[in-house]
Amino acid sequence: MENKNKSRIVRMIVCLAVLAITVPVGLLTKLFKFSDFKVAFNATTLLKLVVMILGVVAIETVVAILLDIPKPQNHRTKSILSIVSSLLKYITFIVILCWGLSIIGVNVSTIVASVGIVALIVGFSAESLIADVVTGAFMIFENQYNVGDIVEVDGFRGTVTNIGIRTTSITDAGGNVKIVNNSSMKNILNRSDKVSRSVSDIGVPYETDFIKLESEIPGLMQFIYNNHADMMKAPPKYLGVQQLADSAVVLRFVVDVEEKDIFSGARVLNHDLLLGFKSLGVECPFPQVDVHNR
């Protein structure tokens, strides 16, 4: 943070030095004329300004409403509509600013040349803005993630709810919203690209007849799938013995689900395995201690 502040100060000093040289030279060479900055401000001008602002805002509102009418299911389409809506706000602001200055009699092109807009952009660290915009454009073109995708960024896992010109909004399962600059969206783990797996580890007593139990497991897996076919992509799979624990033999089961159901899928699998094992006469063990007295 300290290095970033020093860098900003250096850039500011450089830009002020550039302005200190270019403005006097521009005045001496009559490149900048004060006549270009004359402002004609009266009741008619004020009325024009109000009408212009209301008109532009009304058009922007209508376009925003039209963009919000479609409710596409495709994540790609949602992303494009989201970034267009964000771009629309920036365009509206720029149009109002430039058109308003023209109405009151200001030569916009002269102002841009006079203040050294390029120098100010660098001086106020607007290169980060450019980086955010360019990165956002590349992410959309390369289809790295879209609105509705579940992603993980720097340990924060959530659903992409909005993609703007500068930022991306991610909402986790608790409703917390994290806003990340597009240029900071690095090392993204997009968990919506492939089918996810819910995992369930369940313990059974050591004295269980494993040959009999394993012969009955396929039927139990099919039964669980039939009850939750809307969530599960296929019947759960029995992977085998995961661990020989102190008081139980831990068996591992997995089931393919969509990423949004990865936690609820594990809860459902735990619940049904518990009830299913009980129906097969296998009780889930609890910690026990054997005491041997000589």
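Annotations
- Calculated over segment 144-190: convex hull of Cα atoms, volume per residue (Å³): 64 Å³
- Long pairs among 71/186; 178/237; 212/233; 78/178; 212/260, criterion Cα-Cα beyond 25 Å: 71/186; 178/237; 212/233; 212/260
- Neighbourhood net charge (13 Å Cβ-Cβ; Lys/Arg +1, Asp/Glu -1) for residue 228: -3
- Peptides 57-65, 143-151 ranked from most to least packed give 143-151, 57-65, packing being the mean of other C-beta atoms within 10 angstrom over each peptide's residues.
- Here the 3J(HN,Hα) profile of segment 200-206, calculated from phi with Karplus coefficients 6.51, -1.76 and 1.60 at θ = phi - 60°, is 9, 10, 10, x, 10, x, 5 Hz, Gly and Pro shown as x.
- When the inverse distances between all different Cα atoms of segment 196-279 are averaged and flipped, the Kirkwood radius reads 13.0 angstrom.
Quick note: the coordinates plus some simple rules give every number you see, no bench work behind them. Note that the structure is a prediction, hence the values are computed from the model and not measured. All Cβ positions, glycine included, derive from the backbone under ideal geometry; neighbour counts span all protein chains shown.
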